Amino acid sequence: MCLRPPRLLACLSWLSLATATNLYATHYNGNVYTLSLDRSDNDTYSLTLASSLETCGSMPSWLTFDSESRTLYCSDETGDASVNGSLTALTADHDGTLTDTATVVAPGGGVNSVIYTGDDGDQYLAIAHYSGSTVSTFPLPLRSATQALQVFRYNLSEPGVNPQQDAPHPHQVFLDPTGSFVLAPDLGADLVRVYAIDKSTGQLDSHCPDITYPAGSGPRHGVFWTTEHSVLTSQLNTRQQDSLVLYIVNELDGHLKAFTVTYASDGCLEFEEIQSFVPYPDNQLPQGATPSEIRQGGSSLYVSIRSDHGFSPNDSMANLDHFSNGTVGFHELTSAYGTVPRTFVINKAGDLIAIGDQSSSNVAIVTRDPQTGKLGEAVASLQVGEPGEVGTATGLSSVIWDE
């Protein structure tokens, strides 16, 4: 107890060394959860459930956080090409308390979103709708009367070679480093859609060429990597030049593809493939295993691998080395500390990674060495909601840091 002044000072000193961070997670059971990660002065961790809120339709699938306005945008995967879903805005207090502020109708099947900006700081949200075969945009902030700014609906002239390719299935939307383009890997159509952003209106322009893939590839998620290097211009002078590479992981054929990227004079992007390989030992995934999420952290790339049982019964994380020519190589596998790691996020300090394991429905907090990129042990793990069934839209769907 902290009763006398000396003990009070000691207690306050201990409290000052203990820190807490919030995370938010969605579950296909219709709830958004606030998780509290407590870190003590001796680097031990405790992950607990702080609160839950039934919101974001019947199938909350993805959270995008605007830290400046402290607004979470939650996509609802309910629906298909003929049935609407929803988009919900939630205010997140600093203590992690969530409050609904607006819910609007959106195309069905929302699975991923990204915030982008226009002129004068105007903000917009782009959403990938998997089962809805759609990419949509919304002006922000979201109000109860807000309507979609654009809805791009896609069709296939004939089904693809895999059962999952019965229709176009946009799976992600993400920005290029300049914030001038939105890219959307389409698992069903075997391409990556490329949209130029009209900064004056916030609208997306689809005139730029897409990246086409071989039939049956199933591109799922991607990330850009910018590398700065020195270029000798004379015996006395050097200048800095950036090189840009795009990495995309394919769910269906299991490959990672790398493309050099240049900004063309016609206002579009040009892509040249420089690598294609399977990010797994011996360049071969186990039967039924698929890549899911890809993210950069420092000088490493990470790919979550679902249903490989690499650390039985748990699945795996693939750590990849990045080389100066833009290619990557397999480095090692580490445990995902759960099954079907649908997504993962690295904190800003770079020393922790939160893995959202869908079927085991747990969030695992894993250490990361910011210098080497090596992933370590799980220092905390919490089951959130009921477990899901592999291969179905059940269980934990996303996790994000409050940063």
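Data table
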quantity	calculated
Given charges at Cβ of Lys, Arg, Asp, Glu: the chain dipole, positive-most of VAL161, GLY254, GLY338	GLY338
Per-residue [θ]222 nm for the chain (sum of -39500 (n - 2.57) over DSSP H runs n ≥ 4, rounded to 500)	-1000 deg cm²/dmol
Structure-derived Rg/Rh (Cα atoms, Kirkwood Rh) - corresponding label in (i) 1.01; (ii) 0.98; (iii) 0.94	(ii)
Furthest towards positive pole of dipole, SER265, GLY350, SER304, structure part the chain, Cβ charges	GLY350
Segment 29-401 - charge dipole about Cα centre, Lys and Arg +1 at Cβ, Asp and Glu -1, debye rounded to 20	100 debye
Separation between Cα centres of segment 245-259 and segment 277-339, rounded to whole Å	12 Å
Residue-normalised accessible area of the chain, expressed per residue, 1.4 Å probe, Å²	43 Å²
3J(HN,Hα) from dihedral phi, segment 382-395, Karplus parametrisation 6.51/-1.76/1.60, rounded to Hz, x for glycine, proline	9, 6, 10, x, 7, x, x, 9, 4, x, 10, 7, 9, x
Karplus-derived HN-Hα couplings along segment 169-183 (A = 6.51, B = -1.76, C = 1.60, θ = phi - 60°), whole Hz, x at Gly and Pro	9, x, 10, 7, 10, 8, 9, 6, x, 8, x, 9, 9, 10, 10
Exposure ranking of THR78, THR117 by accessible area [1.4 Å probe, largest first]	THR117, THR78
Segment 27-106 shape via C-alpha gyration tensor axes, a/c threshold 1.5	prolate
Accessible-area composition of the chain, carbon plus sulfur, in percent [1.4 Å probe]	49 percent
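The values are calculated or read from the model by the stated rules, or taken from the named source; none is laboratory data. Everything numeric in this text was worked out from a predicted model, so none of it was measured. With ideal geometry, Cβ positions are generated from the backbone for all residues, glycine too; neighbour counts draw on all protein chains shown. Note: accessible area is taken over every heavy atom of the protein model, side chains too, but ligands, DNA and RNA are not part of it. Shrake-Rupley method; radii C 1.70, N 1.55, O 1.52, S 1.80 Å.
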